[in-house]
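The numbers here are math on the coordinates, done by the rules we state, and not lab data. Fair warning: this is a prediction, and the values are worked out from it, not measured in the lab. No Cβ is skipped: glycine too gets one built from the backbone with ideal geometry, and neighbour counts run over all protein chains shown.
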Amino acid sequence: MHAVDDLRARVDNERAEIPHITSRMLGLAQDIRRQYLDLDLDLADAINVVIAAEYETDAILTLDRRDFRALRPLAQFKAFRLLPDDL
């Protein structure tokens, strides 16, 4: 539970935010999964692409290098910066 406690503290101190996922965002995630069928993306990966666009960032915290090196951002960026790899 330590990790959850840490996350809650960060949210309480406004150092982290838990995004609200809308129906529109879920629809975009479905579109991404269809567009990248060969990657067999799960919903978590696809929704992270959508969240990155909502927050206008190219940074993704992930160890899923294969998928996120192939995925393209929805926003103005050419590629994702994968953290911690691309620090």
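Here are the numbers for this structure:
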{"item": "Ordering of 8-16, 79-87, 44-52 by packing [mean C-beta count within 10 Å, highest first]", "result": "44-52, 79-87, 8-16"}
{"item": "Relative contact order, percent, region 22-83 [alpha-carbon distance under 8 Å, six or more residues apart]", "result": "28 percent"}
{"item": "Among 25-34, 55-64, the order from most to least packed when residues are scored by Cβ within 10 Å on average", "result": "25-34, 55-64"}
{"item": "Diffusion coefficient, µm² s⁻¹, Stokes-Einstein with Kirkwood Rh over alpha-carbon pairs of the chain at 10 °C and 1.306 mPa s", "result": "114 µm²/s"}
{"item": "Label-point separation, Ile51 to Leu63 (7 Å along Cα→Cβ), nm", "result": "1.7 nm"}
{"item": "MRE, 222 nm, helices only [DSSP H, n ≥ 4, -39500 (n - 2.57), over the chain, to nearest 500]", "result": "-14500 deg cm²/dmol"}
